[in-house]
1. Could we say that residue 167 is part of a strand (DSSP E or B) and either of a type in the set (Val, Ile, Thr) or in contact with a Ser or Thr (Cβ under 9 Å, 6 or more places away or on another chain) (or both) here?
2. Hey, does the range 32-45 have a residue that's touching a Phe, Trp or Tyr at 6+ places or on another chain (Cβ under 9 Å), surrounded by 12 or more Cβ atoms within 10 Å (Cβ to Cβ), part of a loop (DSSP other than H, G, I, E, B) and in contact (Cβ under 8 Å) with a residue 24 or more places away in the chain?
3. When residue 52 is evaluated against the numbered criteria (1) closer than 22 Å to residue 147 by Cβ; (2) open to solvent by 60 Å² or more (accessible area, probe 1.4 Å); (3) modelled with pLDDT under 90, which criterion, by number, is the only one it fails?
4. Please go through the range 59-71 and pick out each residue that is outside any loop (DSSP other than H, G, I, E, B) and either surrounded by fewer than 21 Cβ atoms within 10 Å (Cβ to Cβ) or aromatic (Phe, Trp, Tyr) (or both).
5. When you go through 173, 162 one by one, which is the residue that is surrounded by 13 or more Cβ atoms within 10 Å (Cβ to Cβ), touching a residue at least 40 places away in the same chain (Cβ under 8 Å) and more than 17 Å from the chain's Cα centre (by Cα)?
6. Could you list, in sequence order, the residues of the range 113-150 that are out of contact with any Lys or Arg (no Cβ under 8 Å at 6 or more places or on another chain), outside any loop (DSSP other than H, G, I, E, B) and either touching a residue at least 40 places away in the same chain (Cβ under 8 Å) or not basic (Lys, Arg) (or both)?
7. Considering only residues of the range 82-93 that are surrounded by 11 or more Cβ atoms within 10 Å (Cβ to Cβ) and part of a loop (DSSP other than H, G, I, E, B), which is nearest to the chain's Cα centre (by Cα)?
8. List pairs: first in the range 96-112 and at pLDDT 85 or above, second among the basic types (Lys, Arg) and open to solvent by 60 Å² or more (accessible area, probe 1.4 Å), Cβ under 9 Å, 6+ apart or cross-chain?
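The values are calculated or read from the model by the stated rules, or taken from the named source; none is laboratory data. This is a predicted model, so every value here is computed, not measured. When we count neighbours, we look across all protein chains shown, and the Cβ atoms used for this are built from the backbone with ideal geometry, even at glycine. Side chains included, ligands, DNA and RNA excluded: accessible areas come from the protein's heavy atoms. Shrake-Rupley method; radii C 1.70, N 1.55, O 1.52, S 1.80 Å.
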Amino acid sequence: LANPSNPRLILVFVVAMFVAGYYAWRADHSRLQQKIEVTRVRTHSWPHRDGGKGTQFYFEVVNKSEAITIHGVRVQLLEIIPKIENSNWLPIALHLQHDNPVSGVFAQSFDLHPREPRNIDLFSTVAGSSVAHIAHIVSGVNLRVPVTGRCRLRGMITAEDVPVLFTWFAVWVDEKGTLQCEIE
């Protein structure tokens with residue numbers, strides 16, 4: 001092996017250079033690759049007009065790429081388990097938080113810049129209620145989902161040149177009678 005003209009040594013050197021080059025390329029490629037991720041469920045509460053507390057549940061969608069914008073991101077509620085009556089409105093586009101146009105025409109899709117998080121409204125409720133009001137963009141439709149026991153909401157996120165992402169959310173009423181939500 002000490003002889004530089006040894007074919008085994010040359011082969012080992014070539015393989016080592018190829019493997020090292022692949023791992024160097026892969027690290028940069030992974031950082032630049034377009035990828036959407038749902039990172040967390042968050043809440044916001046406020047005093048409700050009925051004297052109780054209103055709570056909104058929303059989730060964060062992040063573009064994990066360090067350099068490439070993801071275009072045409074669309075978020076939909078796809079399924080509710082167990083099935084509820086009159087669920088023929090599914091799938092339905094969910095509301096992009098703070099999208100409150102004067103025209104009443106809500107954004108159906110949006111762009112996500114590198115490392116940018118965007119919040120998507122999922123549902124809101126009032127303290128003591130076991131009903132989730134789905135946050136959607138269909139004007140004039142009130143979508144109420146009764147939560148008895150534990151239910152699951154399946155979301156779907158699509159975008160240009162990015163694989164479809166399916167995310168499950170668990171929703172339940174805790175021992176205090178308050179609706180809770182988390183990513184499964």
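1. Spelling it out, residue 167 is indeed part of a strand (DSSP E or B) and either of a type in the set (Val, Ile, Thr) or in contact with a Ser or Thr (Cβ under 9 Å, 6 or more places away or on another chain) (or both).
2. No, the range 32-45 contains no residue that is touching a Phe, Trp or Tyr at 6+ places or on another chain (Cβ under 9 Å), surrounded by 12 or more Cβ atoms within 10 Å (Cβ to Cβ), part of a loop (DSSP other than H, G, I, E, B) and in contact (Cβ under 8 Å) with a residue 24 or more places away in the chain.
3. (2)
4. Narrowing the range 59-71 to residues outside any loop (DSSP other than H, G, I, E, B): 59-63, 70-71.
Passing the criteria: 59, 60, 62, 71.
5. Values: 162 fails: more than 17 Å from the chain's Cα centre (by Cα).
Of the residues listed, the single one that is surrounded by 13 or more Cβ atoms within 10 Å (Cβ to Cβ), touching a residue at least 40 places away in the same chain (Cβ under 8 Å) and more than 17 Å from the chain's Cα centre (by Cα) is 173.
6. As a first pass, look at the range 113-150 and keep what is out of contact with any Lys or Arg (no Cβ under 8 Å at 6 or more places or on another chain): 113-114, 116-118, 120-125, 128-130, 135-150.
Checking the rest, the ones that are also outside any loop (DSSP other than H, G, I, E, B) come to 117-118, 120-125, 136, 144-146, 150.
Selection gives 117, 118, 120, 121, 122, 123, 124, 125, 136, 145, 146.
7. Here is the first cut: in the range 82-93, the residues surrounded by 11 or more Cβ atoms within 10 Å (Cβ to Cβ) are 84, 87, 89-93.
Still in the list and also part of a loop (DSSP other than H, G, I, E, B): 84, 87, 89-91.
On the way: 84: 23, 87: 22, 89: 20, 90: 17, 91: 15 Å.
Only one residue fits best here, namely 91.
8. These pairs meet every condition: 96/118; 97/118; 108/74; 109/74; 110/74; 110/118; 112/118.
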